[in-house]
Amino acid sequence: MSELLLNRRKKRSRAPDICIIVLLSVIAFLQIFPFWLQIVTSLQPLDFQPESGKIYWWPVAATFSNYAEAIEHVDLWRGVVNSLIVSLGYTLLSAVVVLLVGYVVGKKDFAGKKVIKACLLITMMAPGELMMVTNYKLISDMGLLNTYAALILPGLVNVTGIFLVISFMNSIPNAVLESADIDGAGELTKLFKIVLPMSMPVIATYFILNFVAQWNDYLWPMVVTSDPDLFTIQLKLTEFTSYYGGFADNILRAAALIFTLVPVIIIYLCCQKQFVEGLSVTGMK
Amino acid sequence: MKSVKGKRLIGRKARRNITAYLMLSLPIIWWGVFFLFAFIRAIYFSFTDLRFDESQISEYGFQNYVRLFSDETFGKAFANTMIWTVVMTLANNVIGLLVAFLIFRLTKGSKIFLALLFWPTLVSAVIGSEITKIIFNPGDSGVLNSIIIAMGGNPLGWYNDPNIALFTLMILPTLLGFSTQMMIYYVAFMGVPKSYVEAARLETKSNFKILWHVYVPLIKSALTYNLLISIVGNMKIMAPMQLVSVDGAGGPFDSTVTIMLYLYNKGITGYEMGYACAIGVIMLIVILILGVVQMKFTGKGEDYE
């Protein structure tokens, strides 16, 4: 009897399965399609002229030399170096802050903890961009415009990251910390010798999410830098100006776009788990 | 003896507080400077005619707010932001919810589709805008226009046509922007107890009815959270407008100007910081109101016990 029921259920779910797969594939295709067009364009020879109204599914003669050309023309390496400095610098420094605050708020008892938690919540809810003008003025008054410091320092207390760490702290047993107390370990010893090694998964998640976020950010860099030598890769993209004229520009622009997107896609392919974790932890509190 | 013990206890508590605050001191100072101070200063500046130099403030009062009410560009920015927020919140959440449900219903291959539909979350604002510029290029050589011409139609002005510019900017974010919502809905679907669904199956065969009457009420917290982040995120929209519109300021004829973009144009490029801060304060108030209204509608988001 139960077998019969199971069979029926299996049969019923087969047909819709195919419909669902087709529908989802269409959506996935629509999402990839514009990027595929860019990949094809980026591989066309520089003197290529497209026929009007024709979609090129494949380059007429694939060449990677456009990438070298685009990198040189847009000065993309400079952008890569700047983006790496900012992304790594920000992520590493803020990871220390996030771990420290997450540990103290998540694991310690002290007066005023509720107030601090409330402040964290308010900060997360308040749109940070509101403070763009005043922070821009502050950075400018401090003489920090067009420095790496301006790009890295203002956002170091990452509230979303703090919540990520706080929720992770539940998985560190209090007994471990208590036994360290009995051994007479100081707070810093506990933080770096016990909490840090045990928190590696959440630090990895934090690191990957924020590295990508920094790599992709353009607004704050646009506010505080005007010197092309300090432009992050996203700003380099917006600064793309006409070079050859005509379709050759489109080819170079496509190459620059794909070049900027590829590192992020590679990170995604390697660390999908972390992206989903970051979402579900901050999202499902 | 007893009193000594008591004292020691208080001492330990105090010491614990001191260590905690010592450890938190630097982050608190940092937060104080770049959040609290910046926040309070923004409110203060909004009541002044600050341009850039604080020593040159000559007027104090509500004049910025009065000016906002008669500022046509701000009115346009406000309307555009509201239209954008409503349309994009609905689009991203409806598509996200349906796609998540479809993937959830799959017996096989759900992981592949999750991965395949989640990657657009990595596309930066700059890249997305560049793609919009290429596909919806108003010239005859634009990807869509050249197809329209080949099929014998008239090319459209897309983001250069004030009537459809805002709509044009919505297309790519609709197609690519639902991945976060989708993932959160999917995780929520996984948490719904099977017994609820099986009970409902006895009553109806319609998957849509089951989604609407069984799943949706049971994933209220995911729904509330998604709506909140969508509304707050979309209220702050400025990237597609800034990066796609020809003048970078929300043109043509302010058809794509938004509150945040206007704030940027006034505060950062236009050196009207006092006015920009007033725009920011209005924005904060609107977001707070929307947040409260949204909470009232969907409840606090408590799921099944």
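The values are calculated or read from the model by the stated rules, or taken from the named source; none is laboratory data. None of these values were measured; they are calculated from a predicted model. All Cβ positions, even for glycine, are placed from backbone atoms using ideal geometry, and neighbour counts span all protein chains on display. In case anyone asks, the SASA skips ligands and DNA or RNA and just uses the protein heavy atoms, side chains included. Shrake-Rupley method; radii C 1.70, N 1.55, O 1.52, S 1.80 Å.
Here the calculated FRET efficiency for B:ALA79 and B:ILE171, from their Cβ-Cβ distance with R0 = 25 Å, stands at 0.80, rounded to the nearest 0.05. Note on A:CYS270: accessible area approximately 100 square angstrom, rounded to 10, probe 1.4 Å, nucleic acids and ligands left out. Here the contact order of the stretch A:26-115, divided by its residue count and restricted to Cα pairs under 8 Å and six or more residues apart, works out to 20 percent. Here the accessible area of chain A is 66 percent carbon and sulfur, with a 1.4 angstrom probe and all protein chains present. Springs between Cα atoms under 10 Å define the GNM used for chain B, and in it the highest mean-square fluctuation of B:ALA199, B:ALA14, B:ALA222 occurs at B:ALA14. Where a ≥ b ≥ c are the square roots of the eigenvalues of the C-alpha gyration tensor, would you call chain A rounded, which needs a/c under 1.5, or, failing that, prolate if a/b is larger than b/c, or oblate? Oblate. By accessible area, using a 1.4 Å probe on protein heavy atoms only, chain B has 67% of its surface on carbon and sulfur. Look at the stretch B:51-60: the mean tally of other chain Cβ atoms within 10 Å of its residues' Cβ atoms is 1. Taken as entire DSSP H runs, the helices of chain B that both span 20 Å or more between Cα atoms along their own long axis and average 1.6 or more on the Kyte-Doolittle scale are B:273-298. Chains A and B together bury some 7500 Å² of accessible area, summed over both sides, with a 1.4 Å probe.
Of all complete DSSP H helices in chain A, those with a Cα span along the helix axis of 30 Å or greater and a mean Kyte-Doolittle hydropathy of -1.0 or more are A:2-43, A:76-107, A:247-270.
Label sites at B:ASP247 and A:TYR148, each approximated as a point 7 angstrom past Cα along Cα to Cβ, lie 3.9 nm apart.
Computed over chain A, the per-residue total of -39500 (n - 2.57) for DSSP H runs of n ≥ 4 gives a 222 nm mean residue ellipticity of -22500 deg cm²/dmol, rounded to 500. Pairs of lysine residues in chain A that meet both criteria, 8 or more places apart or on different chains and Cα atoms under 13 Å apart, total 4.
For the stretch A:152-273, the Cβ-based charge dipole about the Cα centre amounts to some 320 debye (Lys, Arg positive; Asp, Glu negative; other atoms uncharged). Sorting the segments A:192-200, B:190-198 by their residues' average number of neighbouring beta-carbon atoms within 10 angstrom, most packed first, yields A:192-200, B:190-198.
Take each residue in B:134-142, count the other chain C-beta atoms within 10 Å of its C-beta, and the mean is 2. Per residue, the solvent-accessible area of the stretch A:77-283 (1.4 Å probe, heavy atoms of protein chains only, all protein chains present) comes to 40 Å². Across the stretch B:64-298, Cα pairs under 8 Å and at least six residues apart give a relative contact order of 28 percent. Shape class of chain B from the Cα gyration tensor (axes a ≥ b ≥ c, square roots of the eigenvalues): oblate, since a/c reaches 1.5 or more and a/b does not exceed b/c.
Net charge dipole, chain A: roughly 1500 debye, given to the nearest 20, about the Cα centre with Cβ charges of +1 for Lys and Arg and -1 for Asp and Glu. Cβ-Cβ distance of B:VAL87 and B:VAL216, R₀ of 25 Å, FRET efficiency by 1/(1 + (r/R0)^6): the value works out to about 0.75. Taking 0.36 nm per residue of separation and subtracting the Cα-Cα distance, full extension of the segment from B:ASP161 to B:VAL286 would add 42.1 nm. Dipole magnitude for the protein assembly as shown: computed about the Cα centre from +1 point charges on Lys and Arg Cβ and -1 point charges on Asp and Glu Cβ, it is near 3400 debye. From the Kirkwood radius over Cα pairs of the protein assembly as shown, Stokes-Einstein at 10 °C and 1.306 mPa s returns a whole-number translational diffusion coefficient of 60 µm²/s. Considering only A:ILE20, A:VAL80, A:ASN250, and ranking their Cα positions along the charge dipole of chain A that arises from unit charges at the beta-carbon of Lys, Arg, Asp and Glu, the one farthest toward the positive end is A:ILE20. Heavy-atom accessible surface of chain B, averaged per residue, reaches 50 Å², computed with a 1.4 Å probe.
Using the Cβ-Cβ distance between A:ASP181 and B:LEU26 with R0 set to 22 Å, the FRET efficiency works out to roughly 0.40. Here's the picture: charge each Lys and Arg Cβ at +1 and each Asp and Glu Cβ at -1 in chain A, and of A:GLY143, A:PRO221, A:ILE39 the one pushed furthest to the positive end of that dipole is A:ILE39. Residues of the stretch B:247-287 whose accessible area, computed with a 1.4 Å probe over protein heavy atoms, drops by at least 30 Å² once all protein chains are present relative to their chain alone are B:MET260, B:LEU263, B:TYR264, B:ILE268, B:MET273, B:LEU284. Taking label points 7 Å from Cα along the Cα-to-Cβ direction, B:ARG15 and A:SER167 give a separation of 3.6 nm.
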